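The structure appears below as C-alpha cells.
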Amino acid sequence: MAGTANDYAAGSPYELKDQIYVVDKEKNDYNTSPHPASSAGSLRIVSDQTHRKLKSRHIQLIGIGGTIGTALYVQIGRGLMNGGPGSLFLAFTIWCTVILAVTLSIAEMVTFLPISSPFIRFAGRFVDDAFGVAAGWNFFVFEAALVPFEIVACNVIIGFWSDVVPTGAIVAIVIFLYAVINMLAVKWYGETEFWAAIGKVLLIIGLLIFTFISMLGGNPQKDRYGFRYWQKPGSFAELYREGDLGRFLGFLQCLIQASFTIAGPDYVSMAAGETENPRKVMPRAFNAVFYRLTTFFVLGSLAVGINVPYDDPTLVGAFREGQMKPGAAASPYVIAMNRLGIEVLPHVVNAGVLASAFSAGNSYVYCASRSLFGLALEGKAPMFLTRCTRQGVPVYCVAVVLMIALLSFLQLSENSAVVLNWFVSLVTASQLINFSVMCFTFLRFYKACQDQGLDRNMLPYKGMLQPYAAWYGLITTFIMTFVGGYTVFLEGSWDVPSFLFSYLMVFIFPTLFVGWKLLKKTKWVKADEADLVTDLAEIEEYHRTYVEKPETNPFNRVLDKLFG
C-alpha cells in the first residue's frame, strides 16, 4: 500500500523510513528491492533499468532540441498568411504565457520526484489510475505521430537542393539513423541532441540578426523597410469573413498555430529519470524555458512579420494554393532573402532547417519510447516493453516507435503537404490535452501537499503564482483543445478526414479513461491518500550518496561549464 507524506522521517521533508535498497555502484543507480519487508510503498513489479547518464548540458539543450522544429522556420508562414504580423506576434506572445504556466506546474512535481515518464505516472498517482492510462497513451500517440511528421519534413527539405534521391531512400535512411542513435546508451542520444540543439540556437539567433540588420537597410537592395509590412498591407489579416470577425478568425488561426509550434516542458520532464543529479539539474533547465520562449518564439514571430507581407504571392502560393515549394523555399526568411537578392543564405537556412527537423524527430523517438516504457513499468502496457539493454535502453519501446515511423512512407502515394497537415491536425489536439493533464495533475498534487502537510517551501523547486498559474494553463489549453478544428464547422468547409484528425484524440482520451476505469474499477484518488512516497526513498538515497565524477576530457569540461 502506498504511503503518504505523513510517513516522512522527522529529519527530512522527503525522507522515508524503513526503505530497502539495491545499489549498483558502477551505474550509480538505486533500485528498490522487491523485498517483502519494504513497507513504504516504493515497490514495483518491474524495476526501472534505465541509467542516469544525461548531464546538465544535455538537459539544457534537449529542452531546445525538442521544441524547435520545422514549424518555427517554415510552417510559421501559414500563421502569418492567415492572421497577419500583428495577430501572429500577439498569438505567440499570449501562448508563451500559457506554456510558462504549464512549466511552473510540471517543474514542481518533476523536481520533487524525477522518475521515468513522470507526468504520465503522476496522473495515475494523484488523480486516478485510469486518468494516468489515458494521459500516457495520449502522450505516446502525440510523440509517435510527430516522428513521421519530421521524417516527411526532412524529405521535403532535401528537395530544396535536388530530387535525385528517391523519397523512399531518404525515409529509410532517416529511420535507420534514428534507430542507431536511440539504440545506443542514452548519453549518446544526449550528445547528439546537444550538438543539434546548438545548431538550432545558432540558426534562430542568426535569423534574428539577419532581420535586424536587413530591416535597417543592411541588404543588397539598400531597402530600409523596417515595419513597412505592418502598415501595408496591414497588421491584421481577414480570414474566412470580412471585418472584425475576419480579423478575429485570423488571430484565432495564429493562436492555433502557436499551440502546435510552442512546447518545451514536456521534453525536459521526460528525461528526468535518466538525468544525473536531477534535483540540481532539472530546476535550472525548467527556469531556462522562459528565456527560450521569449528568444525563439516571441522574437521569431515578430521577425517573420517584419520580413514578409502576409499577402506575399510566394507565401500564399505555398500555403493556400498548394504550390508548396521544397524545403526552406516556403520559409518567410528565405522568401525575404530571395526578394532582397541574397543568394547564399537560403542554402544555409535550408541546412539548418534540415538539421532541426532531423533533431526534432530524434527527440520524438526518445520521448515516445520513454512514455511507452513508463506505461509498461506501471503495468499499463505489455510487460515485455520494460526490457532494457545493458546500456539502459528500452529496446522494444524504441522498436515500436520506429515501426510507427514507417507511416512516413505514406507520402509515396500522397501529396507531402496533405500528409504533413494530417499529422499536424492529429498532434495539435494531443499536445493540448497533454498540457491540460499536466496542469490538472499539479492541482491535485497541490491539494495533496496541503492535506498531507508537505511544505512546498521545502521542495527543490516551487512554482510561483500557484495554484493560479495551473488554473490559467488548464482552462486555456482545455478550451483550445476544442477550438483547434473549428474551421471544419464553417459553411462549406466540412471535411470528414479533417474532422477526424482534429478531434480523434478528443474522443479517444475519455474513451480510454472510462474503459480502464470500468475494466479495473479504479477510484478517484483523495488528496489525503495521494501517493507522494513511491520512488522517493531511492531518489533521496541517490542524492545523499551522489558524487559528481570529474570530467576527464578538457573539451567536455569547457562544454559543461558553458552550457551546464
Of everything in region 294-329, what is crowded, with 24+ Cβ neighbours inside 10 Å, over 20 Å from residue 92 (Cβ atoms) and at pLDDT 80 or above? Give them in sequence order. none
Say whether the condition of being open to solvent by less than 20 Å² (accessible area, probe 1.4 Å) and touching a Cys at 6+ places or on another chain (Cβ under 9 Å) is met by at least one residue in region 191-212. no
For residue 448, all conditions in the list (1) over 20 Å from the mean Cα position of the chain (by Cα); (2) at pLDDT 90 or above; (3) closer than 22 Å to residue 96 by Cβ hold save one; what is the number of the exception? (3)
Could you check residue 387 against (1) over 17 Å from residue 147 (Cβ atoms); (2) open to solvent by less than 10 Å² (accessible area, probe 1.4 Å); (3) in contact with a Phe, Trp or Tyr (Cβ under 6 Å, 6 or more places away or on another chain) and say which number it fails? (2)
Regarding residue 104, is this residue more than 21 Å from residue 385 (Cβ to Cβ), open to solvent by 30 Å² or more (accessible area, probe 1.4 Å), modelled with pLDDT of 80 or more and in a helix (DSSP H, G or I)? no
Among residues belonging to region 498-510 that are touching a residue at least 12 places away in the same chain (Cβ under 8 Å) and open to solvent by 50 Å² or more (accessible area, probe 1.4 Å), point out the one that is nearest to residue 241 (Cα to Cα). 501
So, residue 177, is that one touching a residue at least 40 places away in the same chain (Cβ under 8 Å) and in contact with a helix residue (DSSP H, G or I) (Cβ under 6 Å, 6 or more places away or on another chain) or not? no
Among the residues of region 251-278, which ones are of a type in the set (Val, Ile, Thr), within 16 Å of the chain's Cα centre (by Cα) and under 19 Å from residue 371 (Cβ atoms)? 268
Tell me whether region 482-497 contains one or more residues that are assigned to a helix (DSSP H, G or I), without any contact (Cβ under 8 Å) to a residue 40 or more places away in the chain and crowded, with 20+ Cβ neighbours inside 10 Å. no
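The values are calculated or read from the model by the stated rules, or taken from the named source; none is laboratory data. All figures in this text were calculated on a predicted structure; none of them were measured in a lab. In this analysis, Cβ positions are derived from the backbone assuming ideal geometry, glycine residues included, and neighbour counts consider all displayed protein chains. SASA here: full protein model, heavy atoms, side chains in, ligands and nucleic acids out. Shrake-Rupley method; radii C 1.70, N 1.55, O 1.52, S 1.80 Å.
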